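Asker: Below are the structure tokens for one structure; questions will follow.
The values are calculated or read from the model by the stated rules, or taken from the named source; none is laboratory data. What you are looking at is a predicted structure, and each value in this text was computed from that prediction instead of being measured. Cβ placement follows ideal geometry from the backbone for every residue including glycine, while neighbour counts extend to all protein chains displayed.
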Amino acid sequence: MSNVFYRAVNKKLMEVDYGKGIYLYDTDGNKYIDGSSGAAVSNLGHAHPVVLDAMMKQASKVAFSHLSRWTSRPIQELADLVDDLAPGDLSKLYLVSGGSEATESALKMARQYYVERDGQSSKYRIISRWKSFHGNTIGSLSMTGDGRRKKYTPLLLNFPHIAPAYCYRCPFDKTPENCDVDCAQDLERCIKMEGAEYVAGFISEPVGGAACGAIVPHQNYSKIVRQICDQYDILMIDDEVMAGFGRTGSMFAIDDFGVVPDLICAAKGMSAGYSPLGAVIASQKIYDTFKNGSGVFVHGHTYGGNPLSAAVSLSVINVLVKDKIVENSRTVGAYLMAQMQEKLLPFSFVGDVRGKGLMIGVEIVKDKATKEPYPVAKGMAARITQSLVKHGVIVYPGTGNADGVNGDQFLVTPPLIITKDQADELVTKMVAGFTEFSKTI
Ligand SMILES: Cc1ncc(COP(=O)(O)O)c(C=O)c1O
């Protein structure tokens, strides 16, 4: 019996002993491919010597200092490095300790931006999409469009959601070749319905993650969103908590869509699991509005901007750049996707394999032709995951894709350092797990 209050108090968990590269080992000595990098976090794999060294060096100098009084070299160097890598005029780094804190901070930053700019402002609502995940705190969950909201609905803010950007199950019954990107146009409809004077921002994941399994929006999606945001004076918030820092084969996923957002939220891969860290990267325009206004963003978390996490993140991003890890994510990602499409799509229950770089999703269906999902009670995502664990692979399952309740998928997001040979090993193990699983349905 343990006194840990786990997320799922009745679930038996594996006990991790240690990790090395893309592998995790349990306390019984079993070896697993960390095929999901935890939750798309451990992008440099486990026990990376360069990061461990940076961590030790900083911890022995100073691990914590509070941002109310102290700045530090690591946070300044990190902000300069992020400025070099971020698109357009996104140059100002606001540091927090995780993804939900990042999106929550972006929400408040968007609201305060309009107050600073206009004095009294009625703009406060953030529009988002269904089939999205932006975090579990009340503000971030209010923006989330996913089943994780349901038990907390009475607590949530009155924020509207638009149609998902979901080509495999297009809410407008179109195909990508034959559509006007109606899912992006839906933003304009929503703004007009709500009244632009009440809307401060639109937040979206450039490639959908935990709530949908690596859905890549139409190539023109972000451009249309950018135009609509400009037209109605609304901030475009790009949630790259999962996609950012190399996961999709670019430093930021939005880079591939040719637009510059106003705010980027980042976390996960930014410190690659070696220390909790999140951030909002703000445009010069937003920063200047605060600077020329009250000068104070009325927000902050105790651990935000601690030197230890900043030094870790600095070394993680330096490794990403120096060792060309983002390029590896793109090339090995394309290879892994092709292999998964070739070897997994033939299974009767695999409807779609999609994604970008090393952010790959597998959607499970009962009927490939109609895309009918299995009923949620069948627990397909959890059962397939379990079957893969038996074959030494960890993936990240989710449900609700078809209608908010039914529809299973899982994410394959291995560490970005994965080699082609290791991608082959991953696919071979997945095929073995699927073959065994197919006998049980
Ligand atoms: C896109 C996105 N935003 C926000 C979050 C929340 O991040 P955290 O779990 O670090 O609070 C996540 C986590 O999965 C995410 O994928």
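Asker: Condition first: charged (D, E, K, R) and either not in a loop (DSSP other than H, G, I, E, B) or not assigned by TED's automatic domain parsing to the domain that holds I234 (or both). Now tell me which residues in the range 144-193 satisfy that.
Answerer: First, pick out the residues of the range 144-193 that are charged (D, E, K, R): 146, 148-151, 169, 173-174, 177, 180, 182, 186, 188-189, 192.
Those that are charged (D, E, K, R) and either not in a loop (DSSP other than H, G, I, E, B) or not assigned by TED's automatic domain parsing to the domain that holds I234 (or both): R148, R149, K150, K151, R169, D182, D186, E188, R189, K192.
Conditions tested, residue by residue: (1) under 28 Å from M270 (Cβ atoms); (2) in contact with a helix residue (DSSP H, G or I) (Cβ under 6 Å, 6 or more places away or on another chain).
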site: D421; (1), (2): yes, no
site: D424; (1), (2): no, no
site: V431; (1), (2): no, yes
site: S438; (1), (2): no, no
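Asker: How many residues are of a type outside the set (A, V, I, L, M) and free of Cβ contacts under 8 Å to residues at least 24 places away in the same chain if we restrict to the range 379-431? Give the steps one after another, and end with the answer.
Answerer: Restricting attention to the range 379-431, the residues satisfying the condition of being of a type outside the set (A, V, I, L, M) are 379, 383, 385-387, 390-392, 396-401, 403-404, 406-410, 413-415, 419-422, 424-425, 428-429.
The next check asks that each one be free of Cβ contacts under 8 Å to residues at least 24 places away in the same chain; those that pass are 379, 386, 397, 421, 428.
The number of residues fulfilling the criteria is 5.
Asker: Note down all Cβ pairs under 6 Å where the first residue falls in the range 131-153 and is closer than 11 Å to A211 by Cα and within 10 Å of the ligand (Cβ to nearest atom), the second is assigned to a helix (DSSP H, G or I) and of a type outside the set (V, I, T), and they're at least six residues apart or on different chains.
Answerer: H134/S140; H134/M143; G135/G99; G135/S100
Asker: Among all residue pairs at least 6 apart or on different chains, which show Cβ distances below 7 Å where the first residue, located in the range 94-122, is within 16 Å of G139 (Cα to Cα) and charged (D, E, K, R) and the second is at pLDDT 95 or above and within 15 Å of the ligand (Cβ to nearest atom)?
Answerer: E101/G278; E101/H301; E104/G135; E104/T137; E104/G139; E104/S140
Asker: Are any residues in the range 78-98 over 22 Å from D256 (Cα atoms) and either surrounded by 16 or more Cβ atoms within 10 Å (Cβ to Cβ) or within 18 Å of the chain's Cα centre (by Cα) (or both), and if so, which ones? Give the derivation first.
Answerer: Of the residues in the range 78-98, the ones over 22 Å from D256 (Cα atoms) are 78-80, 94-98.
Those that are over 22 Å from D256 (Cα atoms) and either surrounded by 16 or more Cβ atoms within 10 Å (Cβ to Cβ) or within 18 Å of the chain's Cα centre (by Cα) (or both): L78, A79, Y94, L95, V96, S97, G98.
Condition check ((1) small (G, A, S); (2) at positive phi; (3) surrounded by 23 or more Cβ atoms within 10 Å (Cβ to Cβ); (4) in the same structural domain as T413 (by TED's automatic domain parsing)) across all residues:
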{"site": "V260", "(1), (2), (3), (4)": "no, no, no, no"}
{"site": "P276", "(1), (2), (3), (4)": "no, no, no, no"}
{"site": "K285", "(1), (2), (3), (4)": "no, no, no, no"}
{"site": "K291", "(1), (2), (3), (4)": "no, no, no, no"}
{"site": "G295", "(1), (2), (3), (4)": "yes, yes, no, no"}
{"site": "V298", "(1), (2), (3), (4)": "no, no, no, no"}
{"site": "N306", "(1), (2), (3), (4)": "no, no, yes, no"}
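Asker: Counting only residues that are polar (S, T, N, Q) and under 24 Å from Q120 (Cα atoms), which one in the range 285-308 is farthest from the ligand (Cβ to nearest atom)?
Answerer: So the residue we want is N292.
Asker: Of these, A267, A282, which one is in contact (Cβ under 8 Å) with a residue 24 or more places away in the chain and within 14 Å of the ligand (Cβ to nearest atom)?
Answerer: A267
Asker: Before we move on, is D53 more than 22 Å from the chain's Cα centre (by Cα), modelled with pLDDT of 95 or more and of a type outside the set (S, T, N, Q)? First the steps, then the outcome.
Answerer: On the way: more than 22 Å from the chain's Cα centre (by Cα): yes; modelled with pLDDT of 95 or more: yes; of a type outside the set (S, T, N, Q): yes.
Here the answer is yes, as D53 does meet what is asked.
Asker: Scan the range 389-422 for residues that are in a loop (DSSP other than H, G, I, E, B) and either in contact with a Phe, Trp or Tyr (Cβ under 6 Å, 6 or more places away or on another chain) or among the basic types (K, R) (or both) and jot them down.
Answerer: G392, I394, V395
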